[in-house]
Amino acid sequence: MSEWLAVIENWLIDYGVLGLIIVSFTDSVFSPIIPDLLLIPMGIAAPDQVWLYAFYTTVASVLGALLGWYIGKKLGRPILLRFIKADKIDKVEYYFEKYGAMAILIAAFTPVPYKVFTIFSGISKVRIKTLIFWSILGRGGRFFLEAAIIAALGVKAKPFIEENFTLITLGIGGLAVISFIIYRLILSRRKAATTK
């Protein structure tokens, strides 16, 4: 399977920006190929274009998220069960219950499979505006962070990202969750204070 994926990646990278857009769009719905695998080598090969590549990747990914949302809304939970184990779906459901729509940000920014969250956002009837907002924040944050690393490190960016990016995104994702929890606590205390 990994050999086939490598062949597809190499084939798509030959198409440049179009290949990057296709991968970014389909990653948000069903594809096992993540856009980072094209964005990073393309950005290193053309550092003057890396910010534009990050922009294309973000836009295509958010548009793909809208398709994922639509699929989830129309076909529901059974569509996820055909491709993903029930325990993973339960975990996604837990994230949505605990963090609300911010779960989309966590999935969009971190290595968690984003496509599961986009489809589930349709199942759980997340508003489109909410999906777009958190997707732009998460996907844009992820891809522009990669672009910034490439702009700063050049060819050294690839090994740096491979070794550290998961840890960086999880760390930032964790900070986002902590900030969200603090924000919710402050809101609930304010509500409690006003009802007294």
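In the stretch 167-196, the residues that are at negative phi reach residues that are assigned to a helix (DSSP H, G or I) with C-beta atoms within less than 6 angstrom, at least six apart or across chains, in these pairs: THR169/PHE109; GLY173/ILE106; GLY173/PHE109; PHE180/MET102. Among the residues of the stretch 172-196, just one is modelled with pLDDT under 75, open to solvent by 90 Å² or more (accessible area, probe 1.4 Å), within 32 Å of the chain's Cα centre (by Cα) and not charged (D, E, K, R), namely TYR183.
Okay, residues lined up against (1) open to solvent by 50 Å² or more (accessible area, probe 1.4 Å); (2) of a type outside the set (A, V, I, L, M, F, W, C); (3) in a helix (DSSP H, G or I); (4) at pLDDT below 90:
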residue: GLU3; (1), (2), (3), (4): yes, yes, yes, yes
residue: VAL7; (1), (2), (3), (4): yes, no, yes, yes
residue: LEU12; (1), (2), (3), (4): no, no, yes, yes
residue: TYR15; (1), (2), (3), (4): yes, yes, no, yes
residue: ILE21; (1), (2), (3), (4): yes, no, yes, no
residue: SER24; (1), (2), (3), (4): no, yes, yes, no
residue: PRO32; (1), (2), (3), (4): yes, yes, no, yes
residue: ILE40; (1), (2), (3), (4): no, no, yes, no
residue: GLY43; (1), (2), (3), (4): no, yes, yes, no
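Across the stretch 143-163, the number of residues qualifying as under 9 Å from ILE44 (Cα atoms), within 21 Å of the chain's Cα centre (by Cα) and surrounded by fewer than 12 Cβ atoms within 10 Å (Cβ to Cβ) comes to 0.
Identify the residue in the stretch 72-87 that is part of a helix (DSSP H, G or I) and small (Gly, Ala, Ser) and, among all such residues, is most open to solvent (accessible area, probe 1.4 Å). Walk me through it before giving the result.
Going residue by residue through the stretch 72-87, those that are part of a helix (DSSP H, G or I) are 72-75, 77-81, 86-87.
Okay, now just the ones that are also small (Gly, Ala, Ser), so 72, 86.
Numbers: GLY72: 1, ALA86: 51 Å².
Here the answer is ALA86.
Kindly indicate the residue of the stretch 8-39 that is in contact with a Phe, Trp or Tyr (Cβ under 9 Å, 6 or more places away or on another chain) and among the β-branched types (Val, Ile, Thr) and also nearest to LYS74 (Cα to Cα) among those meeting that condition. So, considering only residues that are in contact with a Phe, Trp or Tyr (Cβ under 9 Å, 6 or more places away or on another chain) and among the β-branched types (Val, Ile, Thr), the one nearest to LYS74 (Cα to Cα) is ILE22.
Applying the selection to the stretch 48-62, what residues are within 14 Å of SER31 (Cα to Cα) and either over 12 Å from the mean Cα position of the chain (by Cα) or among the aliphatic types (A, V, I, L, M) (or both)? Steps first, answer last, please.
Of the stretch 48-62, the ones within 14 Å of SER31 (Cα to Cα) are 60-61.
Scanning the stretch 48-62 gives a single hit, ALA60.
Per-residue answers, yes or no, for (1) among the aliphatic types (A, V, I, L, M); (2) within 12 Å of GLY72 (Cβ to Cβ); (3) at pLDDT 80 or above:
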position: GLY100; (1), (2), (3): no, no, no
position: TYR114; (1), (2), (3): no, no, yes
position: LYS125; (1), (2), (3): no, yes, yes
position: THR130; (1), (2), (3): no, no, yes
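Among the residues of the stretch 103-114 satisfying the criterion of being open to solvent by 10 Å² or more (accessible area, probe 1.4 Å) and touching a helix residue (DSSP H, G or I) at 6+ places or on another chain (Cβ under 6 Å), which is farthest from LEU170 (Cα to Cα)? Break it down stepwise before answering.
Of all residues in the stretch 103-114, those open to solvent by 10 Å² or more (accessible area, probe 1.4 Å) come to 105-106, 109, 111-113.
Subsequent filtering for residues that are touching a helix residue (DSSP H, G or I) at 6+ places or on another chain (Cβ under 6 Å) retains 105-106, 109, 111.
Numbers: LEU105: 12, ILE106: 9, PHE109: 8, PRO111: 8 Å.
The residue in question is LEU105.
Quickly run through the stretch 47-71 and pick out the residues that are among the aromatic types (Phe, Trp, Tyr), closer than 17 Å to LYS115 by Cβ and crowded, with 19+ Cβ neighbours inside 10 Å. Of everything in the stretch 47-71, just one residue is among the aromatic types (Phe, Trp, Tyr), closer than 17 Å to LYS115 by Cβ and crowded, with 19+ Cβ neighbours inside 10 Å, namely TRP69.
The values are calculated or read from the model by the stated rules, or taken from the named source; none is laboratory data. This one's a predicted model, so the numbers in the text were calculated from it and none came from an experiment. A quick note on method: Cβ atoms are made from the backbone with ideal geometry, for glycine too, and the neighbour counts reach across all protein chains shown. Areas reflect the complete protein model, heavy atoms only, side chains present, ligands, DNA and RNA absent. Shrake-Rupley method; radii C 1.70, N 1.55, O 1.52, S 1.80 Å.
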